[in-house]
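Notes follow once the structure below has been shown.
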Amino acid sequence: MIQSNAFNYINVLDKALDASNLRETVLTNNIANVDTPGYKRREVDFASLLREELDKTKWESLDQKVDKLNLTRLNATAHYDRAAYGYDYRLDGNNVDIDTEEVELASEQLRYQLLADSVTQEFSRMKTAIGP
């Protein structure tokens, strides 16, 4: 994490990249355990965490909100999918739907690429502003 206001967006994007990487790992683990009896799917929800932090300062611009973000609170963690917990799709107690997991994994891979591109663009803007 870089300690400067000029890097606030990059720091948030860095946290989002970490969360995306964790979510991809969790999704591949869910897929790997599709045939494990009693396995319950896990999930990572960074968007809700970020939304909650941004909503703490309601009447400010996005730049002001990002400046005031507490980045230590933006650490995504894996948790059991509460919406699907208790709902077993199969008789063996496993609640992983392979089709859903594969779609989510493809979506997460695209999200990661977009986040990485956004970081590259932020650094490119800074480079342009600094000059040759």
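The values are calculated or read from the model by the stated rules, or taken from the named source; none is laboratory data. Quantities reported herein were computed from a predicted structural model and do not represent experimental measurements. When we count neighbours, we look across all protein chains shown, and the Cβ atoms used for this are built from the backbone with ideal geometry, even at glycine. Surface accessibility is based on the protein's heavy atoms, side chains included, excluding ligands, DNA and RNA. Shrake-Rupley method; radii C 1.70, N 1.55, O 1.52, S 1.80 Å.
Given the criteria acidic (Asp, Glu), in contact with a helix residue (DSSP H, G or I) (Cβ under 8 Å, 6 or more places away or on another chain) and part of a helix (DSSP H, G or I), does Glu60 qualify? Please lay out each step first, then the result.
Numbers: acidic (Asp, Glu): yes; in contact with a helix residue (DSSP H, G or I) (Cβ under 8 Å, 6 or more places away or on another chain): yes; part of a helix (DSSP H, G or I): no.
When the stated conditions are applied, Glu60 does not pass them.
Name the single residue, out of those in the range 51-71 being at pLDDT below 85 and under 21 Å from Ser20 (Cα atoms), that is surrounded by the fewest Cβ atoms within 10 Å (Cβ to Cβ).
Looking at residues that are at pLDDT below 85 and under 21 Å from Ser20 (Cα atoms), I get Asn70.
Hey, among Leu22, Leu27, which residue is of a type outside the set (Gly, Ala, Ser), touching a residue at least 12 places away in the same chain (Cβ under 8 Å) and either closer than 16 Å to Thr100 by Cβ or in contact with a Lys or Arg (Cβ under 9 Å, 6 or more places away or on another chain) (or both)? Let's see the steps before the verdict.
Working: Leu22 fails: either closer than 16 Å to Thr100 by Cβ or in contact with a Lys or Arg (Cβ under 9 Å, 6 or more places away or on another chain) (or both).
Being of a type outside the set (Gly, Ala, Ser), touching a residue at least 12 places away in the same chain (Cβ under 8 Å) and either closer than 16 Å to Thr100 by Cβ or in contact with a Lys or Arg (Cβ under 9 Å, 6 or more places away or on another chain) (or both) holds for just one of Leu22, Leu27, which is Leu27.
Based on this model, can you work out whether Lys127 counts as touching an Asp or Glu at 6+ places or on another chain (Cβ under 9 Å) and either surrounded by 16 or more Cβ atoms within 10 Å (Cβ to Cβ) or over 29 Å from Asn29 (Cα atoms) (or both)? So that I can check it myself, show each step before the final result.
Values: touching an Asp or Glu at 6+ places or on another chain (Cβ under 9 Å): no; either surrounded by 16 or more Cβ atoms within 10 Å (Cβ to Cβ) or over 29 Å from Asn29 (Cα atoms) (or both): yes.
No.
Does Asp92 count as surrounded by 11 or more Cβ atoms within 10 Å (Cβ to Cβ) and at pLDDT below 90?
Details: surrounded by 11 or more Cβ atoms within 10 Å (Cβ to Cβ): yes; at pLDDT below 90: yes.
Yes.
I need every pair where a residue in the range 52-63 that is among the hydrophobic types (A, V, I, L, M, F, W, C) has its Cβ under 9 Å from the Cβ of a residue that is modelled with pLDDT of 85 or more, sequence separation at least 6 or different chains.
Leu62/Leu54
Does the range 37-50 contain at least one residue that is open to solvent by 60 Å² or more (accessible area, probe 1.4 Å), in contact (Cβ under 8 Å) with a residue 60 or more places away in the chain and either assigned to a helix (DSSP H, G or I) or over 15 Å from Asn94 (Cα atoms) (or both)? Don't jump to the end; show me each part of the working.
Of the residues in the range 37-50, the ones open to solvent by 60 Å² or more (accessible area, probe 1.4 Å) are 37, 42, 45.
Going one step further and asking which of them are in contact (Cβ under 8 Å) with a residue 60 or more places away in the chain, we end up with none.
No; the residues of the range 37-50 include none that is open to solvent by 60 Å² or more (accessible area, probe 1.4 Å), in contact (Cβ under 8 Å) with a residue 60 or more places away in the chain and either assigned to a helix (DSSP H, G or I) or over 15 Å from Asn94 (Cα atoms) (or both).
Cβ contacts < 6 Å: first residue within 16 Å of Val44 (Cβ to Cβ), restricted to the range 83-109; second residue open to solvent by 30 Å² or more (accessible area, probe 1.4 Å) and modelled with pLDDT of 85 or more, any location; separation 6+ or different chain. Result?
Glu101/Ile31; Glu108/Glu24
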